[in-house]
1. The range 72-156: D in µm²/s via Stokes-Einstein (Kirkwood Rh, Cα pairs, 37 °C, 0.692 mPa s)?
2. If you filter the range 106-160 for GluC sites (Glu not before Pro), then keep DSSP loop positions with at most 13 other Cβ within 10 Å, what is left?
3. Could you rank the peptides 95-102, 50-57 by their average count of other C-beta atoms within 10 Å per residue, with the highest value first?
Amino acid sequence: MKPGPPWNGGWGRAKNGKRCEMINVRNSLRGGNSNVDINMGPLVDMVFLLLIFFVVTTSFVKETGIDVQRSTAATAEVKEHGNILIGVNADGEIYLEGKRIDVRAVRAHVERVLAEDPEAGVVVVADKDSNTGVVVQAMDQCRLAGARNVSLAAKRESEG
């Protein structure tokens with residue numbers, strides 16, 4: 001019995017007498033039987049690598065939560081980082097982590113941070129028009145909490 005014609009998907013014979021399957025051109029052009037898979041694994045891996053890269057290279061900046069006009073000093077030194085930033089504005093209000101707190105609460109907040117990191121330094125960022133008494137009270141509360149390194153933030157005169 002003869003095989004059907006090639007356009008019906010029949011079988012033909014090669015010159016060496018072996019059977020071979022005919023290619024269905026109509027379905028391959030229309031995309032009927034083609035199984036195209038997109039491997040999403042490498043894409044997901046790349047996205048996670050980029051995410052890790054950006055998280056690691058991001059610098060986390062701690063702010064006091066208020067806008068302060070710092071005083072200038074000729075002997076101001078650049079400090080690499082202060083783990084605890086306390087802000088005192090011109091009205092004598094004290095801010096820690098963006099929240100207004102009472103001077104009596106400074107000690108408890110500093111003790112909490114020092115319990116997590118005993119080597120943490122405290123930087124008091126005071127407005128140049130702030131009351132000196134409030135700044136001294138805030139620094140005193142930090143020292144009573146056990147902070148060994150308490151600094152007052154200032155700008156260098158050259159920074160203007």
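1. It diffuses with D of about 256 µm²/s by this estimate.
2. Passing both the DSSP loop test and the Cβ count: Glu119, Glu157, Glu159.
3. 95-102, 50-57
Computed from the coordinates by the stated procedures, all read-outs in this text should not be read as laboratory data. Values in this document were obtained by computation on a predicted structure and should not be read as measured data. Neighbour counts are summed over all protein chains in view; Cβ atoms, including those assigned to glycine, are modelled from backbone coordinates with ideal geometry.
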